[in-house]
1. Has the range 113-120 got at least one residue that is away from the ligand (no atom under 12 Å from the Cβ), among the small types (Gly, Ala, Ser), modelled with pLDDT of 95 or more and surrounded by 13 or more Cβ atoms within 10 Å (Cβ to Cβ)?
2. Among the residues of the range 61-79, what is the count of those that are closer than 13 Å to residue 136 by Cβ and either surrounded by 17 or more Cβ atoms within 10 Å (Cβ to Cβ) or in contact (Cβ under 8 Å) with a residue 40 or more places away in the chain (or both)?
3. Do you know which residues across the range 80-93 are buried (at least 20 other Cβ atoms within 10 Å of the Cβ) and out of contact with any Cys (no Cβ under 6 Å at 6 or more places or on another chain)?
4. Can you tell me which condition residue 138 does not meet? The list is (1) surrounded by fewer than 14 Cβ atoms within 10 Å (Cβ to Cβ); (2) within 11 Å of the ligand (Cβ to nearest atom), and all the others hold.
Amino acid sequence: MKPFTPARRTLLSALSVTPLLLIAGTRRGYAASNAVRHAAASTADMAHTAADSAQAGPSYRIEIHNFAFSPNPLTVPKGARIVWTNRDDEPHTIVSAAGAFQASRALDTDDSFATVLEQPGTYAYFCGIHPMMVGKIVVR
Ligand SMILES: [Cu+2]
C-alpha cells in the first residue's frame, strides 16, 4: 500500500458533489444546465478544461481565502488534478514560479482553475496580481 493512500482517502471524502457542480457551472457558464445534467461525469468532463490534456488522476482542491491558499503546502500523488477556487471578492491568478504550467486567467469570485501535475517534484506558485500570495504543491 502506498504511504499517501490514507491522505488521499481523506481528501477525496472531503470532496462533495456541490463544489464540483459549482465549478462546472462557473467554468462553463454558457452551458451551465448541460454541466448540471452531466454532473455525474463532471470530473472526467472537467479534465478536458485543464490546461494539461493528460489523463487526470484524483482531484485535489485548493481554496483561496483572505489572500491565502489552503491547504498550503499540498501533497498529492503524481497525475493529480489540482483545482484552485477563488473565494475572495478580489481577483487572483495562479502562476507557476517555474513555468511548470500555463498561468490562469484572473479568477473572479468562485471561479476555478485546474491543472494536472504529472511529474514528481515541488511546484511553487503565486498570485500574479498579489505576488506575496505564495503556495507550494509537492507531487510524489
Ligand atoms: Cu491575488
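1. Checking the range 113-120: at least one residue is away from the ligand (no atom under 12 Å from the Cβ), among the small types (Gly, Ala, Ser), modelled with pLDDT of 95 or more and surrounded by 13 or more Cβ atoms within 10 Å (Cβ to Cβ).
2. 8
3. Result: 80, 81, 82, 83, 84, 85, 86.
4. (2)
The rows are residues; the columns are (1) part of a loop (DSSP other than H, G, I, E, B); (2) at pLDDT below 95; (3) among the hydrophobic types (A, V, I, L, M, F, W, C).
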{"site": "44", "(1), (2), (3)": "no, yes, yes"}
{"site": "64", "(1), (2), (3)": "no, no, yes"}
{"site": "81", "(1), (2), (3)": "no, no, no"}
{"site": "84", "(1), (2), (3)": "no, no, yes"}
{"site": "88", "(1), (2), (3)": "yes, no, no"}
{"site": "101", "(1), (2), (3)": "yes, no, yes"}
{"site": "105", "(1), (2), (3)": "yes, no, no"}
{"site": "128", "(1), (2), (3)": "yes, no, no"}
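The values are calculated or read from the model by the stated rules, or taken from the named source; none is laboratory data. Not measured: the values here are computed from a predicted model. Note that each Cβ is placed from the backbone with ideal geometry, even for glycine, and that neighbours are counted across all protein chains shown.
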